[in-house]
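For reference, the structure is listed below as C-alpha cells.
The values are calculated or read from the model by the stated rules, or taken from the named source; none is laboratory data. Here the structure is a predicted model, which means the values were calculated and not measured. Methodologically, a virtual Cβ is constructed for each residue, glycine included, from the backbone with ideal geometry; neighbour enumeration extends over all protein chains shown.
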Amino acid sequence: MTISAREILDQKAPPPAPNPALALQRRLQASVENPSWKTGNVDPEVDHLLSPEAQEIADSLRDDGISVQVLAGTVRFTDLCILVFGALGSGISYLDVIGTDLRLASVIAITTLLALAFMQAADAYQVSVMRQSVSQLGRVLAAVALAFGTMIGLHTTTPFGEVASLDWIGFWFMVTAIGMTLFRTGVYFCVRHWMTQGRLERRAVIVGGGTAAAELIHELEAQSDNDIRICGIFDDRANDRSPPVVAGYPKLGNINSLIEFARRARVDMLIVCIPLRAEQRVLQLLAKLWILPVDIRLSAHTDKARFRSRGASFIGTVPFVDMVDKPIADWDGVAKRVFDLFFATLALVALTPVMIGTAIAIKLNSKGPILFRQKRYGFNNEIVEVLKFRSMYTELADPDAKKVVTKNDPRVTSVGRFIRKTSIDELPQLFNVLAGSLSLVGPRPHAVNAHTDNKTWDEVVDGYFARHKVKPGVTGWAQINGWRGEVDTPEKIQKRVECDVYYIENWSILFDLKILLMTPFKLLNTENAY
C-alpha cells in the first residue's frame, strides 16, 4: 500500500539535533530512505509535452557526458604507463643496467610514485588545468623533473647509486618528458573539444524559481571552480509567483514537463531550490522525480547553518543536501561495462553451438525469419530493439505485446515452446549487450505496450519507471526470485518492480556475479514460462 508524503511526515521523526539545520536534514533523509514514498508516476491526465523552447534545449543536450572522475583516472593511469614503459625502454638501450638486481624495480617504483604524487599536488588531474596547454605542460614537466631530481639525489647519497647509472636515469627522464608532452598535448585538445561540446560539465536543472533560485544561480556563478551548467528552470507555480526568466535563465515548464525533458536530454543533476522547512513540498517533488537516473540535490544556500558531512555536499561554498544519487555512475559504470563485455563474449563463444542448432530448428519448424525484434523500454525510457529467437508463427507474431503469452498458447510453435521454457529464445540478446543497449544483469526490458487487466504496467505500479534508471538486463534479480514468465495479475508486476528497485539500490559487481551464476539453476524452474 502506497503511503502519501503527508503520512510519511506524520511518522515519528529522529530525536531533535542541537542544530535546527541538522534536524531538518535528518528528517528529510529519514523520509527519503523510506521506500514507501516512492511513487513517481506522472499524472496521465496532465499534459506534460515540452514547449518548443524546451524541446530545442533538450535536443541540444543529447550528447553523452564524460565522467570527470573517469577522465582523471584514465589520464593518471596513462601517465603511470608512460613512466614505467619509459623506464623499461630506456633500460633496453642501456643494457648494462638490466640485471637480476631487484632493487632496480624499487628505483622505477619510487620514481613513478613520486612523479604521480607531484603531479597530483600540482593539480595536473583537474579539468581546469587539463584544458590549458602551457600551464598543464609546465606543471607536468616540473613534477616529473622534481621526481627525477629527487631520485638523482638518492642516487648520489644512498645505495641506489650502485643499482642504476646516471646515464640511464637521464635517458629515462628524456623519454618520459617527450612521452608526457605528446600525451598531455593530446589531452589538451580532447578536453577543449569536449568542453566546447559541453560533455565535461555537470548539466543541472533547477526545480523551483523565484528569488531563492536567483540567489542560488548568482552564488554558483561566483564559484571559480564551478563545473555546473544550468540548463533551465522548472516550476509548478504560475508566473506571478515564479517569473518566466530568473537570473537570465528561462522557466521551461512544470514538474511533469521536467520529467519529459530529463528523458530527452542528458541531464546530470536536479537542484531542488525550496527551503528546507517546506518538507511536505520537497517530498511531494521527490515522489515524482526519484524515477529519473540523475543526482537530486536539495539546495541549502538560504539556510545559513552548518550541516553534517554525511549526506551533504558542496559546490564551492554552496551547501546541498544529497537526496538521491544517480545509480551506477563514474567508475561503477566502467566496471559494469567491462563485466558485460567479458561475460557476454564468453557466453557467446560457449553457446554458439546451441544458437546455431536453435536457428536450424526454427527454420525447419515454421516459415519466417529466425530472429524476432521487439521494441522495449531501455535506459531512461528510451526505446530499444531487443533481439530474440522467433518462438511464434510469423503471421501470429505480436511485436506490440498486445496479448501476453499464456499456457498452451496456439500462437507458439512447438520449437518455440521449448526455447521459451528454457529461455534459449533470449540468447540473441547477448548481441544487444555487446552493442550496449542492454546489460547482462538488470531489470528485464518490458515491451512498450505491456499491460495487465487492460492497464499498462506504469498505471498498475506506482514508481514503475524507476526500473529504467539503469540499463535493462538479459537476466535480473526478479527472475532469480521466481518472477519470470506470464504476467497476468497486478501482484506479479508489482513484485517484479520491487525486485528491480532493490537491485538498483543495492547494485555491486559481486551482486551482478551472484545473479549471473544463479541464473542457470533458476531456469530449471519453468512453472511460469510458456
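Of note:
- Selected residue (criterion: farthest from residue 325 (Cα to Cα)) from residues of the range 228-285 that are assigned to a loop (DSSP other than H, G, I, E, B) and of a type in the set (Asp, Glu): 240
Yes or no, residue by residue, for (1) assigned to a loop (DSSP other than H, G, I, E, B); (2) surrounded by fewer than 16 Cβ atoms within 10 Å (Cβ to Cβ); (3) β-branched (Val, Ile, Thr):
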residue: 459; (1), (2), (3): no, yes, no
residue: 465; (1), (2), (3): no, no, no
residue: 471; (1), (2), (3): yes, no, no
residue: 474; (1), (2), (3): no, no, yes
residue: 487; (1), (2), (3): yes, no, yes
residue: 491; (1), (2), (3): no, yes, no
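- Among residues of the range 102-157, those that are within 21 Å of residue 175 (Cβ to Cβ) and not in a helix (DSSP H, G or I), counted: 2
- In the range 182-228, residue nearest to residue 272 (Cα to Cα) [restricted to those that are among the hydroxyl-bearing types (Ser, Thr, Tyr) and out of contact with any helix residue (DSSP H, G or I) (no Cβ under 8 Å at 6 or more places or on another chain)]: 211
- Some residue of the range 462-479 being among the hydrophobic types (A, V, I, L, M, F, W, C), over 20 Å from residue 374 (Cα atoms) and touching a Pro at 6+ places or on another chain (Cβ under 6 Å): no
- When residue 185 is tested against (1) surrounded by 13 or more Cβ atoms within 10 Å (Cβ to Cβ); (2) touching a residue at least 60 places away in the same chain (Cβ under 8 Å); (3) polar (S, T, N, Q), exactly one condition is not met: (2).
- If the condition is being charged (D, E, K, R), surrounded by fewer than 18 Cβ atoms within 10 Å (Cβ to Cβ) and within 13 Å of residue 53 (Cα to Cα), then the range 222-261 contributes no residue at all.
- Output for the range 158-168, where each listed residue is of a type outside the set (Val, Ile, Thr) and not in a helix (DSSP H, G or I): 164, 165
- The residues listed here are 342, 389, 372, 418; of these, the one that is assigned by TED's automatic domain parsing to the domain that holds residue 493, aromatic (Phe, Trp, Tyr) and closer than 21 Å to residue 477 by Cβ is 342.
- Taken over the range 421-457, the criterion of being of a type in the set (D, E, K, R), assigned to a helix (DSSP H, G or I) and farther than 22 Å from residue 349 by Cβ is satisfied by 421 alone.
- Residue in the range 306-319 that is within 19 Å of residue 65 (Cβ to Cβ), in contact with a Ser or Thr (Cβ under 9 Å, 6 or more places away or on another chain) and at pLDDT 75 or above present: no
- Output for the range 382-420, where each listed residue is modelled with pLDDT under 85 and not in a loop (DSSP other than H, G, I, E, B): 394, 395, 396
- Given (1) surrounded by fewer than 17 Cβ atoms within 10 Å (Cβ to Cβ); (2) in contact (Cβ under 8 Å) with a residue 24 or more places away in the chain; (3) part of a helix (DSSP H, G or I); (4) of a type outside the set (D, E, K, R), index of the condition residue 358 fails: (1)
- In the range 103-159, the residues that are under 15 Å from residue 87 (Cβ atoms) and loosely packed, with under 15 Cβ neighbours inside 10 Å: 103, 105, 106, 109, 113
- Taking each residue of the range 364-378 that is without any contact (Cβ under 8 Å) to a residue 60 or more places away in the chain and looking for partners that are part of a strand (DSSP E or B) and not polar (S, T, N, Q) with beta-carbon atoms closer than 6 Å, six or more apart or interchain, yields 371/387; 372/388; 373/385.
- Pairs, first outside the structural domain of residue 266 (by TED's automatic domain parsing) in the range 281-295, second aliphatic (A, V, I, L, M), C-beta under 6 Å, six or more apart: none
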